[in-house]
Structures are given as structure tokens and as C-alpha cells.
Amino acid sequence: MVNLGKKVIYQIYPKSFYDSNNDGIGDIQGIIQKIDYIKKLNVDMIWFNPFFVSPQNDNGYDIANYYQIDPLFGTMADFDELVSKLKEINVGVMLDMVFNHCSTSNEWFQRALAGDEKYRKFFYLRKAKPDGSLPTNWQSKFGGPAWAKFGDTDYYYLHLYDPSQADLNWHNPEVRQEVYKVVNFWRAKGVRGFRFDVINVIGKADKLVDSTDPVQEKSLYTDTPIVHQYLKELNAASFGKDFDSITVGEMSSTTIKNSIKYSKPSEHELSMVFNFHHLKVDYKNGEKWSKMPFDFMKLKNLFADWQEKMDQGGGWNALFWNNHDQPMALNRFGDPGKYRIKSAEMLATAIHLMRGTPYIYMGEEIGMIDPDYSSINNYVDVESLNAFNKLKKQGMSDEGALAIVKAKSRDNSRTPMHWDSDQYAGFSKVKPWLMPRKQMQINVCKELTQGEIFNYYQKLIRIRKHEDLISDGHIKMFLKNDPQILAYERFNLDSTSKILVFTNFYGQEHKIQIPTAYVDQPYSILISNYQRVAGNLQPSLIFKPYEALAIKLKP
Ligand code: GLC
Ligand code: CA
């Protein structure tokens with residue numbers, strides 16, 4: 001089995017990585033041309049957001065054909081070349097498998113629409129209620145009702161996301177067989193990594209009923225017991241046959257208890273889980289489309305809970321701050337201005353030395369930040385545009401709604417990678433599908449010649465590969481009540497040395513008292529984003545703005 005603790009995964013949003021043929025859209029050949037760059041980081045696998053045939057209503061998460069590469073991104077030959085070139089540098093490929101739903105242009109849906117009984121059973125088709133209202137009162141996660149009219153029939157189909165993303169009926173064994181076939185098709189091409197999109201919402205009840213409130217509504221289709229059964233079946237029928245497979249499930253509003261089950265090796269479900277609780281600590285009253293400074297104590301408690309309990313329960317976490325659905329963490333939890341570099345390093349340290357498998361989202365390793373778009377017309381994401389309209393309908397001004405979209409839009413992380421400071425940031429020679437950030441001075445070329453963040457990431461990755469306490473050790477939080485510092489200890493029951501990690505989440509200096517058990521112990525420096533030197537632990541320590549420090553105690 002793979003030692004997941006020694007792995008680091010890089011995420012590429014293909015549309016925005018590098019445009020090799022200058023049509024404004026990133027592509028597979030573009031990724032191939034940048035392999036030397038990727039190689040420098042020394043990651044083990046790359047997760048690619050979907051590049052399968054798709055009308056791109058939700059940027060590829062609406063798949064029309066699971067077996068083909070969308071011509072926007074290249075050809076199957078390009079894909080095969082990518083896999084083999086990455087293999088040469090020992091980097092695996094992780095594909096994004098979107099099976100909760102498929103595009104309404106998928107042949108399955110089209111055949112269902114044409115009246116084919118077999119394919120009608122692939123979806124959740126329901127008639128209106130006797131009073132003519134929708135089959136249930138469920139809301140789509142992108143806004144609006146979760147039901148849309150099924151052609152010109154009396155039926156409606158369920159879509160938890162965009163109306164162009166029809167939910168697949170996993171209760172139907174034929175659907176599950178089709179899913180396994182897709183995974184096995186890509187396995188046969190040498191793919192060993194799979195990310196399963198919103199996989200914990202596949203187990204809707206057979207009988208769909210109205211919800212009483214939005215929270216209860218999620219429980220009607222999230223983390224239901226049958227999801228575990230379906231994952232076990234998927235595992236046995238596909239990737240579970242490869243000793244070297246790495247899988248991750250994207251879990252929407254999940255619990256620790258379920259996540260342990262999803263990721264515990266003896267359960268034979270998945271290798272690890274993405275959960276998002278720590279990325280909701282800047283949601284006002286749980287509402288994403290709001291603006292609020294992050295709640296640090298809440299963040300600390302969540303990390304403590306998830307890290308310690310997943311450890312105790314034998315589960316495994318994916319560690320991440322960023323992905324294609326999140327604004328850049330630097331803007332949310334760091335300081336994108338004065339302390340951009342220090343806070344980027346601090347944030348990376350905080351999660352890279354935790355227990356789990358770290359994911360790096362493209363651009364994070366050079367400290368990229370959110371774009372500063374001046375108009376709603378710069379945004380393209382369905383979710384953002386729906387939110388903007390909704391906020392305005394609720395009476396908010398254009399400026400108010402734009403300020404919220406600016407802070408929360410998924411486009412924030414989807415803007416093109418900055419390679420240099422040329423027009424369009426060296427991403428393309430023509431105007432890209434989404435404009436680069438104004439801050440083009442933050443780019444790969446400059447970072448590699450005079451920056452320190454990239455180097456710092458390289459070092460964090462090296463530490464994970466060399467220090468068994470980081471890859472395999474247990475974790476315990478300390479300084480739990482400190483209002484500025486997140487601190488934890490990595491230890492192993494059969495080892496006398498320990499690693500202590502300190503991260504200051506603020507731009508002010510801060511003094512802490514070292515727990516007495518550690519005082520006077522000699523230590524060496526594992527990593528420091530200021531110039532700390534080895535010594536003996538004093539009773540108190542003063543941390544600089546956004547300082548990160550990891551030390552190894554050697555009693
Ligand atoms: C996941 C994806 C997101 C997509 C959604 C629906 O959350 O990460 O980008 O919109 O699923 O497929
Ligand atoms: Ca292109």
C-alpha cells in the first residue's frame with residue numbers, strides 16, 4: 001500500500017495553467033510544456049480538474065462524455081503523452097471523476113429524454129405534486145429549485161447543482177456499472193489517482209420528500225449509510241485492484257465519523273477525504289455570500305477536532321487551503337499586501353506539517369492572490385453570477401454585491417497562472433477566457449529568480465519525505481486558547497523525539513509561554529520563515545508577524 005503520509009499532490013486547473021496554442025484557454029500540451037517547472041517542486045501526483053467532453057456550463061463538471069478529452073484541451077494522444085511524460089519524472093495522474101451527476105448533453109440523458117426506459121432509470125425523474133408544485137422543495141446548491149422540467153413530459157429531473165447537471169440515480173445497479181467502467185477505462189491508461197466529486201451526496205433516499213429547513217434538507221441526501229456501501233463496491237470493482245492507487249473523496253458538509261469510515265484502510269472505501277469546515281470560518285451565519293474576517297478560534301478548534309479525531313479513529317485527511325472552488329487562502333487567512341510572503345509561508349507550514357496528505361493548488365507556491373477585478377463583467381462562474389443577482393434582488397447595491405463576489409467567487413482561484421509579467425502574464429498571447437490578476441509582478445519567472453516562497457514549499461515537501469514523524473506520526477494540539485498562534489506537536493509512541501510546530505496567524509508580534517514540559521529542551525530547526533537558530537527552549541518565545549517555526553526536540 002501507498003504511504004499516503006509521504007505524498008504531496010499538486011492541483012492543476014487545466015483551463016488556466018498554460019495555453020500552448022494561443023486560443024486563450026489552457027490545454028494539455030500547455031501542461032506538458034511546463035513539466036520542468038512541476039518537476040522542481042517534487043510532488044508525487046497531479047490532480048487535474050475535468051478535461052472531458054463537456055459543454056462547460058460548470059467548467060467541465062458537467063460531463064457529456066466520460067471517455068473522451070474535450071477538444072478545447074487537446075486529444076487523447078495529448079493525454080497519453082502527458083501520462084507518460086509525467087511517469088518519466090515519477091509523477092502520477094489523478095483524474096476528477098464526476099459521478100453524482102452528468103451533463104444533460106450526455107448520451108445517457110439524451111436517450112432518457114428520447115423515451116428510452118433503460119436510461120430514464122439513470123436519473124431521478126418525478127412528477128409534480130398533485131397541487132402542481134415541484135416534486136420536492138429542495139434547493140440547488142447553485143441557487144434556485146433543484147428540479148427542472150424533463151423535456152416536454154410531465155416529469156421533472158433532480159439537479160443538486162446547475163440545471164445542466166442531472167443527478168445520476170446510484171440506486172440503479174446499471175448506473176453503478178457504468179461508473180466502474182469509466183474508472184476502469186482510465187485505470188487501463190495507467191491512471192492511479194482518482195478524485196471523486198461531491199461523492200457523499202450520491203445516496204439520496206428512494207422516496208424523495210420535502211425538507212423542513214435548509215440544514216435538515218442536506219441530511220436527506222448527504223452522508224447516508226448507503227454511500228459507504230456504494231464506495232466499497234466501487235473500490236472492489238475498480239481502483240481497489242491497484243496496490244498503488246490514491247483516491248480522495250470530496251465531501252460536502254460531512255462529519256468526522258463518516259470521514260473516518262470513508263478513509264480508514266480497513267473499510268476499503270477511499271484513501272482520504274476533503275472536508276470544508278475549516279474554509280467556512282469566514283462565512284457570516286454559515287452563509288457563503290457574506291463578508292466577515294475569519295474566526296481564528298473556530299479555525300483552531302476545527303483543525304484540532306479533525307486532526308486529532310481522524311488520527312484516533314484511523315482516518316486520513318487531505319490537507320489543503322486552496323482549490324478551484326475557493327478564493328485564495330492568502331486573501332482570507334493571510335495578508336496579501338504587506339506580509340504576502342511571510343503569510344504565504346506561514347499558511348503552508350500550518351497544514352504541510354499536519355497529519356494527512358497535502359495538496360498544493362497551482363499558483364499557491366508562488367504566493368498568488370485574488371484578482372482585483374473592477375466589474376461583475378469580469379466574472380464568468382455560474383455560481384458567482386447567480387449569487388450577484390440574488391444579492392441585488394435582496395436589495396443590495398451593485399458595489400455591495402460586487403464586494404462580496406470579489407471576496408468569495410470561485411473565479412478568484414481560476415484566473416490564469418502567472419508565468420511572467422508579459423501581457424496576459426505569459427499564460428497566452430491572446431486575451432484569456434478569464435483575465436489574469438492585475439498583480440502580474442507575482443509570477444513564476446520572478447519567484448524562481450528572486451522569490452522565497454517556492455523554495456519554502458520545496459523545503460516543506462522535503463521535510464515530509466524525510467521526517468517520519470511528519471508522514472507517520474500522531475498529532476496533538478497545544479496552546480489551544482492562544483488567540484494568535486496555532487501550535488501542534490507531532491510524535492510517535494516509540495520515538496523520544498518530537499516535532500513542535502508554531503504558526504502566527506497575525507501581522508503582530510506575539511509572546512507565548514512554552515508548556516513547562518518542553519522548557520530547557522534542546523532543539524534543532526526543521527523550518528523557519530525568519531532566521532531562527534537552534535538552541536534550548538526558553539520559557540517564553542516571541543513570534544514575529546506571520547512567523548512559522550517547526551523545531552525538533554532532541555531530549
Ligand atoms: C464540486 C466541484 C465544483 C463543482 C461541483 C459540482 O464541488 O469541485 O467545482 O461545481 O462539484 O460538480
Ligand atoms: Ca489552448
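Throughout, read-outs are computed from the coordinates displayed, never taken from laboratory work. The shown structure was predicted, so the numbers you read here are calculated from the model rather than taken from an experiment. We place every Cβ from the backbone using ideal geometry, glycine too, and count neighbours over all the protein chains shown.
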Nearest-0.05 FRET efficiency for Asp244 and Gln513, computed from C-beta distance (R0 56 Å): 0.75
For Lys261, net neighbour charge (Lys/Arg +1, Asp/Glu -1) across residues whose Cβ lies under 13 Å away: +1
Calculated over the chain: convex hull of Cα atoms, volume per residue (Å³): 149 Å³
Rg in Å to one decimal, and Dmax rounded to a whole Å, for the range 1-87 via C-alpha atoms: 13.5, 42
Which of Glu174, Glu399 has the fewest Cβ neighbours within 10 Å, and the rest in rising order: Glu399, Glu174
Computed over the chain: relative contact order in percent, which uses C-alpha pairs under 8 Å that are six or more apart: 13 percent
37 °C / 0.692 mPa s Stokes-Einstein diffusion coefficient of the range 107-167, Kirkwood radius on C-alpha pairs, µm²/s: 282 µm²/s
Sequence-separation-based contact order of the range 470-553, relative, with Cα cut under 8 Å and 6+ spacing, percent: 30 percent
With eigenvalues of the C-alpha gyration tensor scaled by 5 and rooted, the range 271-329, Å: 22, 14, 8
Pairwise label distance in nanometres, Lys121 with Lys181, each label 7 Å out on the Cα-Cβ vector: 1.5 nm
√(5λ) per eigenvalue of the Cα gyration tensor, the range 400-442, largest first, Å: 22, 10, 8
Percentage of interatomic Cα-Cα distances in the range 281-426 larger than 22 Å: 46 percent
Rg and Dmax [Cα atoms of the range 187-260; Å; Rg one decimal, Dmax integer]: 14.4, 46
Unit Cα scatterers, Debye sum, the range 375-488: log10 I(q)/I(0) for q = 0.14, 0.18, 0.20, 0.21 Å⁻¹: -0.88, -0.96, -1.00, -1.03
In the range 199-274, the trypsin sites (Lys or Arg not before Pro) that fall in loop regions by DSSP, at most 12 other Cβ within 10 Å: Lys207
Largest to smallest principal axis extent of the C-alpha atoms in the range 219-343, angstrom: 50, 33, 27
Tensor-based shape of the range 470-553 (alpha-carbon gyration tensor, a/c under 1.5 rounded, otherwise prolate or oblate): prolate
Relative contact order %, the range 396-555, counting alpha carbon pairs below 8 Å whose residues are six or more apart: 15 percent
Tensor-based shape of the range 36-181 (alpha-carbon gyration tensor, a/c under 1.5 rounded, otherwise prolate or oblate): prolate
Distance violations [Cα-Cα > 24 Å] among Lys34/Lys446; Lys7/Lys261; Lys15/Lys257: Lys15/Lys257
Overall dimensions of the range 438-483 as given by Cα atoms, namely Rg and Dmax in Å: 16.3, 42
Links that overshoot a 30 Å alpha carbon limit, given the list Lys87/Lys476; Lys85/Lys288; Lys280/Lys438; Lys118/Lys207: Lys87/Lys476; Lys85/Lys288
Gain in span if fully extended, Thr153 to Gln450, counting 0.36 nm per residue against the direct Cα distance: 100.7 nm
